[in-house]
Amino acid sequence: QKEVEQDPGPLSVPEGAIVSLNCTYSNSAFQYFMWYRQYSRKGPELLMYTYSSGNKEDGRFTAQVDKSSKYISLFIRDSQPSDSATYLCAMWERSGNQFYFGTGTSLTVIP
Amino acid sequence: NAGVMQNPRHLVRRRGQEARLRCSPMKGHSHVYWYRQLPEEGLKFMVYLQKENIIDESGMPKERFSAEFPKEGPSILRIQQVVRGDSAAYFCASSPWQGDQPQHFGDGTRLSIL
């Protein structure tokens, strides 16, 4: 079983839709959770960074962590064509050295 | 992503040659991580370095691959005697200290093996 599971998609939505991206994980020791956005032929760009359970909002983006279910989500409101990219979840535990990444979900927002 | 600088952006090598990939971390960051990304796959951890020290190289193949982060200058990922299977995008990330600060990535080096 992989440490982090993420549906690769692709996901295609109309402009203005609410997008929900999700990851599940197996290691209950993970404490720090991140979402990255990666455009084609570019490096991952940090979008959201959360610690422990709960919600964090930044503009059109909301990150949600449910540690009891080992499940994290990223919601994008009022999606724009410029949101079309691959979204990667990542997580880390304090006793480890590695960040663990999901395989990424490809999102296309259609004008 | 401009803070973490990787060069070259594209590198073409013939089988058997050496590839050297460079990474300059963001200013103030002393922790560097290297990842490999293949199409349809996620980022695979290779190695974690601090200045002059390799902290964790558990993700790096035992042969042909090496990494360093000298006191002065960029971090180097070196691949000797490259093979076709080494073709991938290699990303470097940096953070100011371990873990409880997120990593920031460069735009990668795309290595192609002829």
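All of the numbers you see were taken from the coordinates with simple rules; none came from a lab. The model shown is predicted, which means the values in this text are computed figures rather than measured ones. Glycine gets a Cβ as well: all are built from the backbone with ideal geometry, and neighbour counts include every protein chain shown.
The lysines within cross-link reach of B:LYS44, meaning a Cα-to-Cα straight distance under 24 Å and a gap of 8 or more places when in the same chain, are A:LYS2, A:LYS42, A:LYS67, A:LYS70, B:LYS62. Over all residues in B:41-54, what is the mean tally of Cβ atoms on other chains that come within 10 Å of each residue's Cβ? Average per residue, whole number: 3.
Classify segment A:16-101 as rounded, prolate or oblate, taking a ≥ b ≥ c as the square roots of the eigenvalues of its Cα gyration tensor: rounded when a/c is under 1.5, otherwise prolate if a/b is larger than b/c and oblate if not. Since a/c reaches 1.5 but b/c is at least a/b, the shape of segment A:16-101 is classed as oblate. Ordering B:PHE91, A:PHE101 by the number of other Cβ atoms within 10 Å of each residue's own Cβ, fewest first, gives A:PHE101, B:PHE91.
Each of B:HIS104, B:HIS29 was scored by other Cβ atoms within 10 Å of its Cβ. Arranged with the fewest first, they read B:HIS29, B:HIS104. Using the alpha-carbon positions of chain B, Rg (one decimal) and Dmax (whole number) come out as 13.2, 40 Å.
Using the Cβ-Cβ distance between A:ILE18 and A:TYR51 with R0 = 30 Å, the FRET efficiency computed as 1/(1 + (r/R0)^6) comes to roughly 0.75. In the protein assembly as shown, the ratio of gyration radius to Kirkwood radius, Rg to Rh, stands at 0.97 when only Cα atoms are counted.
Principal axis extents of the C-alpha atoms in segment B:24-80 (largest first, rounded to whole Å): 33, 23, 18.
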